[in-house]
Amino acid sequence: MKKTMMALAIVGVVGAVAAQAADPWAPTLNLGVSVTDGNTDTLGVNLGLVAGVGTAEDGNHARVTADWNYGEVDGDNTVQNTEAKLVYERTLSDVSYAYASAGILNDSIARVSYRVPVSLGIGYLAWQDAAARLILEAGPAYVWEKVAGDKDDYFALRFAQSYFRALSETARIFQSLEYIPQASDFDNYLLNFEIGAEAALNANAALRVVFKNRYDNEPAPDAKKNDLQLLAGLAYRL
């Protein structure tokens, strides 16, 4: 019997304004799909939303992000999680801002019924040139969660870093790291990492690859510490 395999990875981005570069808070919709058929049958779907409001003139920015992921291997559910985050930023100076953020995660495979981190802090533009910028954030946080049926809440700290670099007029790379340790027990911590690249094909379309790692140092029993995700495909802007 002839074995066949088909792989499809598509990431679509729909913007509500004509020029996203002119409006970094433009709403976007992301869709990623991967399918294989052959020795192993797999299905993976990612749906994401980013929406924001704000202007440079008043110094207030708000952004909402949401992601839904689903995956199967030979009919068995291997990925099923939903995550959303709300961020508000208030400009303090040319190189600093105050922020407030709140998020929620549900991951049935990792046995996380909910995890809600809330944080306040300061962001700082640590370095910038014509092509790149490095941003640092730090502040206190509080986490509510229900993992493997057990409820918990604790005071935490939050440290974050993000880096962007334009490789050319049509290509860029981006990376971010978030570290949230429990204040009274640094062995209990969360780590979120993302790195990606994007290269424009024309004024509206670009090739895009993103790798994500969500790490929980004290996961539910029998759950893995790492959740890895790789998305590759096409980004389209209106």
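Readers should treat all values here as calculations from the given coordinates under stated rules, not as data from a laboratory. Small disclaimer: the values here were computed from a predicted structure and weren't measured. Neighbour counts are summed over all protein chains in view; Cβ atoms, including those assigned to glycine, are modelled from backbone coordinates with ideal geometry.
Less than 19 Å apart at the alpha-carbon level, and either on another chain or at least 8 residues along: which aspartates and glutamates does that give for Lys151?
Partners within reach: Glu83, Asp107, Asp185, Asp187, Asp216, Glu218, Asp222.
How many nm is it between the label spots at Phe211 and Trp68, if each spot is 7 Å from the Cα in line with the beta carbon?
So the label points at Phe211 and Trp68 sit 2.9 nm apart.
Would you mind counting up the charge near Phe174? Only other residues with Cβ under 11 Å from its Cβ, with Lys and Arg at +1 and Asp and Glu at -1.
Net charge around Phe174: +2.
Taking R0 as 25 Å, what FRET efficiency do you get between Leu230 and Asp187 from their Cβ-Cβ distance, rounded to the nearest 0.05?
E between Leu230 and Asp187, to the nearest 0.05, is 0.30.
In region 155-205, which GluC sites (Glu not before Pro) fall in coil by DSSP and have 10 or fewer other Cβ atoms within 10 Å?
Glu169
Let me know the Rg and Dmax you get for region 10-236 when you use only its Cα atoms, in Å.
Considering region 10-236 through its Cα atoms, Rg and Dmax are 18.4, 57 Å.
What does the net charge come to around Tyr154 if you take all other residues with beta carbon closer than 9 Å to its beta carbon, with K and R at +1 and D and E at -1?
Value of the local net charge: -4.
Most exposed first by the Cβ proxy, i.e. fewest other Cβ within 10 Å, how do Thr78, Thr28, Thr42 rank?
Thr78, Thr42, Thr28
With labels modelled as points extended 7 Å from the Cα through the Cβ direction, what inter-label distance (nm, one decimal) is found for Ala98 paired with Leu177?
Taking the two extended label points, one gets 2.8 nm.
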